[in-house]
1. Residues of the range 74-88 being free of Cβ contacts under 8 Å to residues at least 24 places away in the same chain and part of a strand (DSSP E or B), which ones?
2. Just for the range 106-137: of the residues that are in a loop (DSSP other than H, G, I, E, B) and in contact with a helix residue (DSSP H, G or I) (Cβ under 8 Å, 6 or more places away or on another chain), which one is surrounded by the fewest Cβ atoms within 10 Å (Cβ to Cβ)?
3. What is the number of the single condition among (1) free of Cβ contacts under 8 Å to residues at least 24 places away in the same chain; (2) surrounded by 15 or more Cβ atoms within 10 Å (Cβ to Cβ) that residue 96 does not meet?
4. Working only within the range 1-23, note down all residues that are loosely packed, with under 11 Cβ neighbours inside 10 Å and in a helix (DSSP H, G or I).
5. Looking at (1) farther than 14 Å from residue 9 by Cβ; (2) assigned to a strand (DSSP E or B); (3) within 11 Å of the chain's Cα centre (by Cα), which is the one condition that is false for residue 64?
6. Would the range 24-47 turn up any residue that is at pLDDT below 90, in a loop (DSSP other than H, G, I, E, B), surrounded by 12 or more Cβ atoms within 10 Å (Cβ to Cβ) and touching a helix residue (DSSP H, G or I) at 6+ places or on another chain (Cβ under 7 Å)?
């Protein structure tokens, strides 16, 4: 079986929140760069804010779930999880606010291994469930 990729579903409010934080980040960079008299301070702040901007964009555009015959890979920016398909004990819907590699609150809670949990929000929920062998049919 070739790897199947599932994009994260994206809630409009989460996308707007990320865009708002990114816009404030850019405005802050401009404000600091124009207002500080110390080039060293300007450089430090700009580097930190650029880093934050890159991190937010990385999370926003690189959150997906990949399934092959034996493994579920969850990728969210720099964060990565590998879960053996045969270790998945249960999959259930949730709208939990807990942090997770998901760009939507329309999530699936996956319990695997020794009670470990992760929440994902695939845009194609039924296709994802079929791919990991937990479809409802």
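1. Answer for the range 74-88, where residues must be free of Cβ contacts under 8 Å to residues at least 24 places away in the same chain and part of a strand (DSSP E or B): 79, 80, 82.
2. Among them, the one singled out is 136.
3. With respect to (1) free of Cβ contacts under 8 Å to residues at least 24 places away in the same chain; (2) surrounded by 15 or more Cβ atoms within 10 Å (Cβ to Cβ), residue 96 is out only on (2).
4. 12, 13, 16, 20, listed by residue number.
5. Here residue 64 clears every test but (1).
6. Looking for residues that are at pLDDT below 90, in a loop (DSSP other than H, G, I, E, B), surrounded by 12 or more Cβ atoms within 10 Å (Cβ to Cβ) and touching a helix residue (DSSP H, G or I) at 6+ places or on another chain (Cβ under 7 Å), one finds at least one in the range 24-47, hence yes.
The values are calculated or read from the model by the stated rules, or taken from the named source; none is laboratory data. Just so we're clear, the structure is a prediction, and the values are computed from it rather than from any experiment. A quick note on method: Cβ atoms are made from the backbone with ideal geometry, for glycine too, and the neighbour counts reach across all protein chains shown.
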